[in-house]
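A short write-up of the structure that comes next.
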Amino acid sequence: MQDWEQIIIANWKMQLNVQDSVKQAKQIKKLLDKNSINAATKIVVAPSFLAFSNVAEVFQNTRVVLGAQDSFEEDKGAYTGEVSLKNLQTLGCRFVSLGHSERRALGETDEVVNRKAKAVINHGLVPVICVGEPMKERQVHNSEDFVFRQLEKSLADIHIKEKHKVIIAYEPIWAIGTGDAMDPSEVGKMIQTIKSRYKLASVIYGGSIEPDNVHEFTKLKNIEGALVGGASLDAKTFVELIKKA
Ligand code: PGA
């Protein structure tokens, strides 16, 4: 499925209630209609699970596809509180973020990410495996080792045989939601290193991306897009960001 050159993923986290999610989706849809955006840019929106089907309805027959912020690996069963990948798929979900640092902070391990990633792939969906170092690892120049340990475990026994089947989102934790994006040249080095090991993975960057800095990242060699939190919460800002990417 090589239907895009660049991917921009909006991660709405737990920031919007159902009503505001629908409102935001409608505004994005309207603005996308009015603006000309590169056809090779894939636009993904990952709303909260509660708003998932309502947002999916708004984006029906548009170029925006739905992503999930997480999912469980089983299709059905006695798993109180979990969300089925298969159900998400029925609602139009195509991408599933796994191991976001905010989920890892709540106890999601590399092993869990690995199990979920395999299930996502088995369902024909694309996992977005999030990795990134905390500040204390960066301070001791251990970022690369830290990220590769996460990747090795999260991608254990997963053989990426085709482009666009697995996305790796490099998101240094200290750059998420802080307004303090990583220096693009440093991002470039990390992307190169990841690509040299995982040749067929699509690698994207996340962490304080805004309309004004997005192109500094998307122009980097081998990068294939961006994961956007804060700047995706305002429709105008988000569409502006996509245009500048
Ligand atoms: P941010 O979030 O754009 O607000 O830094 C990115 C993310 O958490 O994926």
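The values are calculated or read from the model by the stated rules, or taken from the named source; none is laboratory data. Computed from a predicted structure; not experimentally measured. Heads up, the Cβs are rebuilt from the backbone with ideal geometry, glycines too, and the neighbour counts pull from every protein chain shown. Each accessible area value is taken on the protein alone, full model and side chains, heavy atoms only, with ligands, DNA and RNA left out. Shrake-Rupley method; radii C 1.70, N 1.55, O 1.52, S 1.80 Å.
Once you order the gyration tensor axes a ≥ b ≥ c over the Cα atoms, which shape class does the stretch 103-195 get: rounded for a/c under 1.5, otherwise prolate or oblate by comparing a/b with b/c?
In terms of gyration-tensor shape, prolate.
Of the options G132, L106, V120, report the single residue whose Cα projects farthest towards the positive end of the charge dipole of the stretch 94-182 (beta-carbon charges: Lys, Arg +1; Asp, Glu -1).
Final value for the positive-end residue is V120.
Of M14, T62, S48, which is farthest towards the positive pole of the stretch 1-106's charge dipole, taken about the Cα centre with +1 and -1 on the beta-carbons of Lys, Arg and Asp, Glu respectively?
Value computed over the given set: T62.
With every protein chain present, what is the per residue accessible area of the chain (1.4 Å probe, Å²)?
I get 48 Å² per residue for this part.
Taking the Cα centre of the stretch 15-125 as origin and charging only Cβ (+1 Lys, Arg; -1 Asp, Glu), how large is the dipole, in debye to the nearest 20?
Computed about the Cα centre, the dipole is about 540 debye.
Where in the chain are the DSSP H helices whose C-alpha atoms run 15 Å or more along the long axis and whose mean Kyte hydropathy is at least -1.0?
18-34, 110-122, 143-154, 184-197
If you put +1 on each Lys and Arg Cβ and -1 on each Asp and Glu Cβ, how big is the dipole of the chain around its Cα centre, in Debye rounded to 20?
Using only the charged Cβ atoms, the result is roughly 680 debye.
Return the calculated 222 nm mean residue ellipticity for the chain, to the nearest 500 deg cm²/dmol, obtained by summing -39500 (n - 2.57) across DSSP H runs with n ≥ 4 and dividing by the residue count.
Theoretical 222 nm ellipticity from helices: -11000 deg cm²/dmol.
Compute the whole-percent fraction of alpha carbon pairs in the stretch 49-104 spaced more than 14 Å apart.
So the portion of pairs separated by more than 14 Å is 55 percent.
Gap in Å between the Cα centre of the stretch 116-182 and the Cα centre of the stretch 185-245?
14
Take the alpha-carbon positions of the stretch 12-58, form their convex hull, and give its projected area averaged over all directions (one quarter of the hull surface) in nm².
That works out to 3.4 nm², a quarter of the Cα hull's surface.
Between Q60 and D157, what's the calculated FRET efficiency when r is the beta-carbon distance and R0 is 41 Å? Round to 0.05.
The formula returns an efficiency of 0.70 here.
Go through I168, L31, V147 and say which Cα lies farthest out towards the positive end of the charge dipole of the chain; charges sit on Cβ, +1 for Lys and Arg, -1 for Asp and Glu.
With unit charges placed on the Cβ atoms, the residue in question is L31.
If you place +1 on the Cβ of every Lys and Arg and -1 on the Cβ of every Asp and Glu, how big does the dipole about the Cα centre of the stretch 85-191 come out, in debye to the nearest 20?
Roughly 600 debye for the stretch 85-191.
Provide Rg over Rh for the stretch 49-155; use the alpha carbon set for both Rg and the Kirkwood Rh (inverse mean inverse pair distance).
Here Rg/Rh amounts to 1.03.
At a Förster radius of 22 Å, what calculated FRET efficiency corresponds to the Cβ-Cβ distance of E111 and S84, to the nearest 0.05?
According to the calculation, E is roughly 0.65.
Could you please tell me the mean projected area of the C-alpha convex hull for the chain, averaged over all directions and given in square nanometres to one decimal?
Averaged projected area of the chain's Cα convex hull equals 12.2 nm².
Please compute the contact order of the chain in relative form: average sequence separation of alpha-carbon pairs under 8 Å and at least six residues apart, divided by the residue count, as a percent.
Across the chain, relative contact order equals 20 percent.
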